[in-house]
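K.L.:
I'd like to ask you about the structure that follows.
The values are calculated or read from the model by the stated rules, or taken from the named source; none is laboratory data. Here the structure is a predicted model, which is why all the values come from computation and not from measurement. FYI the Cβ positions are ideal-geometry reconstructions off the backbone, even for glycines, and counts take in every protein chain you see. The accessibility values were calculated without ligands, DNA or RNA, using every heavy atom of the protein model including side chains. Shrake-Rupley method; radii C 1.70, N 1.55, O 1.52, S 1.80 Å.
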Amino acid sequence: MQTLIFLLLVFLIVIFSVLLYFKNKHSRVDKLRQGICPDCKASTKTFYDENTKTTFKSEAISARMLKSGGCSGVNDIEYRCKECGLKEVYSQA
């Protein structure tokens with residue numbers, strides 16, 4: 001009986017840890033898509049020049065497509081932070 005309870009607890013811990021892993025991964029991808037670095041929290045900076053009345057934006061995250069999957073494939077996109085040098089690659093449909 002103790003073995004059965006132990007196995008059930010281990011199974012539940014494994015399930016919750018896998019769910020936590022996917023939640024963290026998706027939250028990192030969402031932050032990168034919004035232009036916020038998940039490590040150093042750098043975001044887009046906006047500057048306004050009063051002489052020329054122009055607004056400039058300095059993006060913290062740059063996205064680059066590494067591999068295109070075609071019409072129905074998966075695209076590999078590399079996100080790179082200009083502030084801390086973070087580089088992560090994610091697949092997107």
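K.L.:
What are the residues in the stretch 30-75 that are open to solvent by less than 80 Å² (accessible area, probe 1.4 Å), of a type in the set (D, E) and at pLDDT below 90, if any?
P.N.:
Once the filter is applied, which keeps residues that are open to solvent by less than 80 Å² (accessible area, probe 1.4 Å), of a type in the set (D, E) and at pLDDT below 90, the stretch 30-75 yields only D49.
K.L.:
Let me ask something additional. Counting only residues that are over 15 Å from the mean Cα position of the chain (by Cα) and touching a residue at least 12 places away in the same chain (Cβ under 8 Å), how many does the stretch 53-68 have?
P.N.:
Qualifying residue count for the region: 4.
K.L.:
Additional query: Of the numbered conditions (1) under 21 Å from N24 (Cβ atoms); (2) among the small types (G, A, S); (3) within 14 Å of the chain's Cα centre (by Cα), A93 satisfies every one except a single condition; which is it?
P.N.:
(3)
K.L.:
Could you grab the pairs with beta carbons closer than 7 Å, sequence gap of 6+ or different chains, first residue in the stretch 34-52 and in contact (Cβ under 8 Å) with a residue 12 or more places away in the chain and over 11 Å from L86 (Cβ atoms), second one acidic (D, E) and assigned to a loop (DSSP other than H, G, I, E, B)?
P.N.:
G35/E59; T44/E59
K.L.:
Among the strands (runs of 3 or more DSSP E) lying completely within the stretch 28-93, list those that include at least 1 residues that are small (G, A, S).
P.N.:
54-58, 61-67, 87-92
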